[in-house]
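Undergrad: One structure, as structure tokens, below. Some questions next.
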Amino acid sequence: MLDVAHDLLGRRLVRLLDGQRISGLIVETEAYRGEEDLACHARAGRTPRTAVMYGPPGQAYVYFTYGMHWLLNCVTGPEGFPAAVLIRAILPQEGLEVIAARRAGRPRRAWCNGPAKLCQALSIDGSHNDSPLWDSTGALWLEKGQPITEEQIKYTPRIGIDRVPEPWRSIPWRFVMNGTLNEQG
DNA sequence: CGCCCGATGTGCT
DNA sequence: GCACATCGGGCGT
């Protein structure tokens, strides 16, 4: 739901890879909710791919697109209602050497400033689909990060859905923490 | 800087 | 068949 997209901002996304923590603060999210939301994958109803979104909240919904990219979502409630929050950008915090290696040749600001980039940086793929993001004993989870205030959040339409009809194309369900996307870190 | 476009596999019509 | 919740390189301004 929208409050989850809001709450995820400022939280820390943690990946345990070869025993090492790799993490970053979430600074950009988007909400997708319901079969009536024509930008949401669940617009086609319940299918093998979208089944996770109909399940309990707190699970990862990881899908493959454009023939080469993985994207990470957090499923939101209530159970039975298909909705998820896309994690679009993080600010790298831990495991910087690993991130730099996985994003070789790119400037730091381009390490994790996109939904597919952060999945590449943290080695997130389909094996993490339907895994619990509240379980800190797993390979991928969310932690309390840094509390943020309402004034720090910018609301805009969602990205990359230009072919979706109104009102869905323009509804401001993208959430950005002010002044974070272009930081050098 | 901005716009354009190719890459490349999968899910759904 | 075709669209796709993207990315990065190329080229023009």
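Coordinate-derived values only; no laboratory data. In this text the structure is predicted, and so the values were computed from the model without any measurement. Every residue, glycine among them, receives a Cβ derived from its backbone with ideal geometry; neighbour counts consider all protein chains shown.
Undergrad: Springs between alpha-carbon atoms under 10 Å, Gaussian network over chain A: tell me which of A:F64, A:F81, A:F175 tops the mean-square fluctuations.
TA: Between A:F64, A:F81, A:F175, it is A:F64 that shows the largest mean-square fluctuation.
Undergrad: At q = 0.13, 0.23 Å⁻¹, work out log10 I(q)/I(0) for segment A:26-121 with the Debye formula, treating every Cα as an identical point scatterer and leaving solvent out; two decimals please.
TA: -0.48, -1.10
Undergrad: Subtracting the Cα-Cα distance from 0.36 nm times the residue separation, let me have the gained length for A:L38 to A:Y66 in nm, one decimal.
TA: Working: separation 28, 0.36 × 28 = 10.08 nm, distance 1.87 nm.
The span from A:L38 to A:Y66 would gain 8.2 nm if fully extended.
Undergrad: Cut-off 10 angstrom, C-alpha nodes, Gaussian network model of chain A. Which of A:I99, A:I26, A:I90 fluctuates the most?
TA: Comparing A:I99, A:I26, A:I90 in a Gaussian network model of chain A, the most mobile one is A:I99.
Undergrad: Taking the Cα centre of chain A as the origin, how large is its charge dipole in debye, to the nearest 20, when only Lys and Arg (+1) and Asp and Glu (-1) carry charge on their Cβ atoms? Write down the numbers at each step before the final one.
TA: Values: 21 positive and 20 negative charges, 118 e Å.
The dipole magnitude comes to about 560 debye.
Undergrad: How far, in nm, would the chain grow between A:I171 and A:T149 when pulled straight, counting 0.36 nm per residue and subtracting the alpha carbon separation?
TA: Values: separation 22, 0.36 × 22 = 7.92 nm, distance 2.17 nm.
Separation in residues times 0.36 nm, less the Cα-Cα distance, equals 5.8 nm.
Undergrad: Using Cα pairs closer than 8 Å and at least 6 residues apart in sequence, work out the relative contact order for chain A, in percent.
TA: Values: 420 pairs, mean separation 50.1, N = 185.
Contact order relative to length: 27 percent.
Undergrad: Then there's this: With the Cα gyration tensor of chain A in hand, convert its eigenvalues to equivalent ellipsoid semi-axes via √(5λ) and list them largest first in whole Å.
TA: Taking √(5λ) for each Cα gyration eigenvalue gives 24, 19, 16 Å.
Undergrad: Please sort A:40-49, A:144-153 by packing, taking for each peptide the average over its residues of neighbouring beta carbons within 10 angstrom, highest first. Walk me through the numbers before you get to the answer.
TA: Working: A:40-49: 14.4, A:144-153: 11.9.
Averaged packing, sorted descending, gives the order A:40-49, A:144-153.
Undergrad: Which of A:A89, A:P165, A:A101 sits closest to the plus end of the dipole of chain A, meaning its Cα is farthest towards the positive end, when Lys and Arg get +1 and Asp and Glu get -1 on the C-beta?
TA: So the residue we want is A:A101.
Undergrad: For the pair A:T137 and A:L96, what calculated FRET efficiency results from E = 1/(1 + (r/R0)^6), where r is the Cβ-Cβ distance and R0 = 30 Å, to the nearest 0.05? Write out the running numbers ahead of the final one.
TA: Numbers: r = 24 Å, r/R0 = 0.79.
The calculated FRET efficiency here is 0.80.
Undergrad: Tell me what chain A gives for mean residue ellipticity at 222 nm when only DSSP H runs of n ≥ 4 count, each as -39,500 (n - 2.57), the sum divided by the residue total, rounded to 500 deg cm²/dmol. The partial results should precede the final answer.
TA: Working: 3 runs with 22 residues, N = 185.
Using -39500 (n - 2.57) per qualifying helix, the result is -3000 deg cm²/dmol.
Undergrad: Considering only A:A116, A:A31, A:A83, give the residue with the highest GNM mean-square fluctuation for chain A, with springs between Cα atoms whenever their separation is below 10 Å.
TA: In the Gaussian network model the winner is A:A116.
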